[in-house]
């Protein structure tokens, strides 16, 4: 009797898995055709050009500029992620505790930049931060400075604009997670004697960690690939990995040189996540069994 | 058969015939796809060269535009079925395309206009199309007319000409400027002494505020006062002057550069493309170009047609007086191994 019940439930389980797979297969097919295959083809080109060759990779690991560029890219991405967290967490918290009307307003303001293209936003930052721009003019008028500050055409301008563009990617996952945290837990903590700060630290913050991880991952990975913003606002000196890819497309007569850079970046990011998952119990944080 | 079915059959037959006739009509009209760099430049070309050529030859010229055509040329030819026919790109790309088998070899017996042009203006794969210059442009607000910088040595002299500077984030023309600042004569630049050029660039590097990447950026930097001196393309600076901006430039020690026309290998409309190319470098069509934009026609015979007035000719980069003051860019050197090595060295130089 027990066996037949187990068999039936196994059958149901398998049917359900099959159904899930069938429902997901159109999307999986799209991803396979449009992402996996082209990226795989490009990666193949990086090791095969008139015969197997590791020349592209030898160049990347021996020439100084590649190391420096990777280091700078990771530095900037890390900085942007931390700043996005610092700015985004209070924003998401405000949106989650505010009344319905106000939370809509806050979220709308956060999402509004999505309606303008990245190029327009980068140029807008240029207009704000340049020597004769709005910020400098204002500071000179109030007498805070005599000479305009160099706020753009350097790493500072790049970081500011990247942060602005990626902030929604931090706020929205955080908000989604915070929304699900039951307020009663905080009340229960208070009833057990926890002050507001203590309650936040021991109850709210740990429960919001999945959102922090999701938002942080998104912001970090996206900023690694940023191209237009450092190109326009970096003054030519902020050489991120994406600009190396575009240079290699110009300089070498096969795609392999450029795609090798992309492959190295992909492997580096994967390695980082594997390393992080050793120290952070990801399944527990992400709420899986 | 009834009368109705007979009428219906005839109607069907007639309409089918008309349908087939309509289908075949577009196929019989000749056409090509022409690609340039867009913007004001392409608009000027359309009025001066493309429309007249299309109507003279009785063909349709479909246009496309892109700031950097090289990656697309590579991928189109690699696919085996390119959609572009004729491209207007920096001459170096045509030369490199010829070396890599991406561009058709030209049969000059079918290109009388091209064959009549000077040797230096054409190659086995390309014909020069228009000339532009990289020049020293400066803010007239910062530098009064008498004390304006007039040479690359002045650009490098931060004591006599204090101020912020910008150069292009690319070695082409920038290395030439560095060598001229170091005292090399205009006609003795090639082959470039790359080590000497980079050493000279290291001197000025701390004073470069921005390394620009697009023509519009170079103009905007000068116009907004972000920098006081810049090496920029003359057409962009002239556009600023025409708008009333207080900027000036000098052809002295400029670098005369050209874009050329070449035909993609395996182009879909090869015979028509060749006819079009010949028409595009016709002296009369070429002479019309400077009427709409500050670039010089490549065909020297254009200056003999009488279409270009002397005052206008004086403003053009390829006019004999101005050309004499400038260094003619050697695309052959830049597509040689030394040129490619210099390009690769540039990124390392920028990062230090």
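Values quoted throughout were computed directly from the atomic coordinates according to the rules given, and no laboratory measurement underlies them. Here the structure is a predicted model, which means the values were calculated and not measured. When we count neighbours, we look across all protein chains shown, and the Cβ atoms used for this are built from the backbone with ideal geometry, even at glycine.
May I ask what percent, to the nearest 5, of DSSP beta bridges between residues of the protein assembly as shown are antiparallel?
60 percent
Over the protein assembly as shown, consider all pairs of different Cα atoms and compute the Kirkwood hydrodynamic radius from their mean reciprocal separation; express it in Å, one decimal.
Kirkwood hydrodynamic radius for the protein assembly as shown: 29.2 Å.
Averaged over its residues, how many other protein chain Cβ atoms are within 10 Å of peptide A:238-245's Cβ atoms?
That average works out to 1.
Which order, highest average first, do A:139-146, A:243-250 follow once you tally other Cβ atoms within 10 Å for each residue and take the mean per peptide?
Order by mean packing, descending: A:243-250, A:139-146.
Could you work out the relative contact order of chain A? I mean the mean sequence separation of Cα pairs under 8 Å and 6+ apart, divided by the number of residues, in percent.
Relative contact order of chain A: 26 percent.
Using the count of nearby Cβ atoms within 10 Å as a rough guide to exposure, how do B:142, B:301, A:180, B:159 rank from fewest to most?
Exposure proxy ranking, most exposed first: B:159, A:180, B:301, B:142.
Per DSSP helix of 4 or more residues, -39500 (n - 2.57); summed, then divided by the residues of chain A. What does that give at 222 nm, rounded to the nearest 500?
-24500 deg cm²/dmol
Quick check: the distance between the Cα centres of region A:162-186 and region A:36-109, to the nearest angstrom?
For region A:162-186 versus region A:36-109, the Cα centre distance is 19 Å.
Going by Cα centres, region B:285-306 and region A:224-285 are how many Å apart?
46 Å
For region B:214-352, I need the span (max minus min coordinate) of the C-alpha atoms along each principal axis, in Å, sorted largest to smallest.
Cα extents, longest axis first: 49, 41, 28 Å.
Under the rule a/c < 1.5 gives rounded, and otherwise a/b versus b/c splits prolate from oblate, where does region A:1-130 land using the Cα gyration tensor?
oblate
Binned at 20 Å from 0, what are the whole-percent values of the Cα-Cα distance distribution for chain B, short to long?
Spelled out bin by bin, chain B gives 28, 51, 14, 5, 2, 0 percent.
Principal axis extents for region A:120-199, Cα atoms only, whole Å, descending order, please.
57, 29, 18
Need the C-alpha centroid separation for region B:263-284 versus region B:160-193, integer Å.
36 Å
Using DSSP, restrict attention to beta bridges with both residues in chain B and report what percent are antiparallel, rounded to the nearest 5.
60 percent
Could you list log10 I(q)/I(0) for region A:49-285 at q = 0.15 Å⁻¹, which the Debye formula gives when each Cα is one point scatterer?
Each listed q maps to, in turn, -1.11.
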